[in-house]
Amino acid sequence: MHKKGGVTKVHYKGKGGEKSSDHPEDFIVFVESADDVREWKKDSSKPLVEVANSFDVFVTGKHGNQGEMNRASKGQLEAEFGTSRDDDVMKVILQQGTIIESESKEGKGNRNVANSGGSARD
């Protein structure tokens, strides 16, 4: 039930370290749809494989949900979640994270041409 042309992800704001100077890391997972996540929250017997787009967990270098995404290391996962097991980490992120839906830029056309009053042939 993947939303056509859009991207749906779940953003989990980490807790950070023990020192006040430790900023929390941002964790991102990609999912099939927001509806799938909501259904899974109501009925967690639904297989995670039907909810998650992949079991890769990404970090954004503490740039919220839009920074450059790199795959989270085993150490980062263990420090934040107490485990690096994909299923366990995914469950926490889906349960406590924020669903973010965005439209794909595909098919939007060249906005400069569309907004200039001219045509693409000019």
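The values are calculated or read from the model by the stated rules, or taken from the named source; none is laboratory data. Since the model is a prediction, treat every value here as computed from it, not as a measurement. Positions of Cβ are generated from backbone atoms using ideal geometry, with glycine treated the same way; all protein chains shown enter the neighbour counts. Remember, those area values only see protein heavy atoms, side chains included, never the ligands or the DNA or RNA. Shrake-Rupley method; radii C 1.70, N 1.55, O 1.52, S 1.80 Å.
Brief remarks on what is shown
- Distance in nm between pseudo-label sites at E32 and R71 (7 Å out along the Cβ direction from Cα): 2.3 nm
- Our estimate of slack between E50 and K91, defined as 0.36 nm per intervening residue step minus the Cα-Cα distance, is 13.5 nm.
- Of K15/K74; K13/K41; K9/K74; K41/K74, pairs whose Cα-Cα distance is over 23 Å: K41/K74
- Exposure check, 1.4 Å probe, all protein chains in place: M69 carries approximately 60 Å² of accessible surface.
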